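To start, the structure itself, in structure tokens.
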Amino acid sequence: MRAKRSRSDLAYYGGTPGFTEDIRVGTPNVPAKERYLELVNEAIDRRWLSNLGPLVRQFEGLAARRTLRTHNTATNNATTALQVAVKACGVTGEVIMPSFTFVATAHAMNWIGLTPVFADVDPETGTLDPRSVAKAVSPRTGGILGVHIWGNLCDTAGLDDVARAAGVPLVFDSAQSFGCRPLLPVPSGTAEVFSFHATKILNCFEGGLVATDSADVHARVRSMHNFGFDEAMNVVGPGTNAKMNESSAAMGIASIEHLDDMLKIYRAHHLRYREGLAAVPGVTLMAAPDGQTHNHQYIVVQVDPEAAGLDRDRLADMLGAENIRTKKYFSPGCHRVRPYRQNAVHTPVDLSVTQALTERVLALPTGLSVTPDDVDRISDVIAAAVRYA
């Protein structure tokens, strides 16, 4: 049944009508249902459903071809992966990170007794600004956590310089960036973490991955993610249960086998949005940085209220009235939510760029559930919203 419309329906104002059913950001990709069922049936038949089974090992090998890291450990989700990674890298005390990220990044650190300290981001890419990080460094700094937002890679070389000068580990939250790699080799931290949540371009229902080139970090990750056991099943230190199960790995294998086809669809949608929104005043598709491959998993526009005649929130409401469900990434910033807004230790530097982006950016639907015609219609609805405004 068609959702109830409000008087903000653009068709009422002579604009372009939206959709009879919801079309939304983050609809899961299921590119190979039969392949998944085949693999999970094999796991059931062999009665090996968890505890580092053959499908998990196979998925780790396939993922390694994309991360280009020597060592890759699959986990049950990206939150536990991030916690295990920073502990394996020896991060302590305060961790400098962007406020402009999903709050899970900050929560994951807080949950294991670390203190998030927020630095500002680059206005073009939304990624952690090394200059702001350098200002936030203090004697209490125990690590730096860069976040590759929307597939936009951080200035890894710049952050590496700051981390070396401070003498602390550099870890990357690459939750949104599977398939995104620099075109040229650059310093890239001690470890990085990917997410295979249902909303990601590649999903395992739920899942994560810790990738590193350090054999020592890898050994600690393998132990920590499996109750502190080493390969000989001796307890060598504290650990948790962060292992991926065989069903999740089956979904990951079935999906990664089709990743290149999915990437083509995402890239085509990105180009189509770019063409469709090119003439819309005040609505700018945020560019992917040069010097990297990009998965284009997120279609993010920045809304200039003066040029567009309406702000981001009003545009989101008007799109919602047309059954187009968008996301306000990342609003509010982490520094504006409890418990972080209550303690000045979290915000030692200016966050004006972060604040501006939290008020202006909007993610639009894309992925396997979105057709080229859908992209055109969404672009037309945005154009009509601006004309009406």
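The values are calculated or read from the model by the stated rules, or taken from the named source; none is laboratory data. What you are looking at is a predicted structure, and each value in this text was computed from that prediction instead of being measured. A quick note on method: Cβ atoms are made from the backbone with ideal geometry, for glycine too, and the neighbour counts reach across all protein chains shown.
Couple of notes before you dig in:
- Any helices (runs of 4 or more DSSP H) falling wholly within region 276-389 and containing at least 3 residues that are among the charged types (D, E, K, R): 312-321, 372-388
- Answer from Ala250, Ala242, Ala288 - the residue that is within 20 Å of Pro365 (Cβ to Cβ) and either buried (at least 22 other Cβ atoms within 10 Å of the Cβ) or out of contact with any Leu (no Cβ under 8 Å at 6 or more places or on another chain) (or both): Ala288
- Within region 216-232, the set of residues being assigned to a helix (DSSP H, G or I) and either β-branched (Val, Ile, Thr) or farther than 18 Å from Ser50 by Cβ (or both) comprises Asp216, Val217, His218, Ala219, Arg220, Val221.
- Filter result (hydroxyl-bearing (Ser, Thr, Tyr) and touching a strand residue (DSSP E or B) at 6+ places or on another chain (Cβ under 9 Å)) within region 367-378: Ser369
- Ser223 fulfils the conditions (1) touching a Ser or Thr at 6+ places or on another chain (Cβ under 8 Å); (2) farther than 30 Å from Gly26 by Cβ; (3) hydroxyl-bearing (Ser, Thr, Tyr) except for a single criterion, (1).
- Exactly one residue among Arg267, Arg272 is basic (Lys, Arg), modelled with pLDDT of 95 or more, out of contact with any helix residue (DSSP H, G or I) (no Cβ under 7 Å at 6 or more places or on another chain) and assigned by TED's automatic domain parsing to the domain that holds Ser369, and that residue is Arg267.
- Of the numbered criteria (1) in contact (Cβ under 8 Å) with a residue 24 or more places away in the chain; (2) surrounded by fewer than 22 Cβ atoms within 10 Å (Cβ to Cβ), the one Asn343 fails is (1).
- The combined condition, being assigned by TED's automatic domain parsing to the domain that holds Ile96, more than 13 Å from the chain's Cα centre (by Cα) and closer than 16 Å to Ala81 by Cβ, is not fulfilled by Ser195.
- Yes/no for Ala385 being modelled with pLDDT of 95 or more, surrounded by 15 or more Cβ atoms within 10 Å (Cβ to Cβ), more than 30 Å from Thr141 (Cβ to Cβ) and touching a helix residue (DSSP H, G or I) at 6+ places or on another chain (Cβ under 6 Å): yes
- The condition of being at pLDDT 95 or above, under 24 Å from Met224 (Cβ atoms) and in contact with an Asp or Glu (Cβ under 6 Å, 6 or more places away or on another chain) holds for only one of Thr101, Thr92, Thr105, that being Thr105.
- Residue that is surrounded by the most Cβ atoms within 10 Å (Cβ to Cβ), among those in region 163-189 that are polar (S, T, N, Q) and closer than 19 Å to Ala106 by Cα: Ser177
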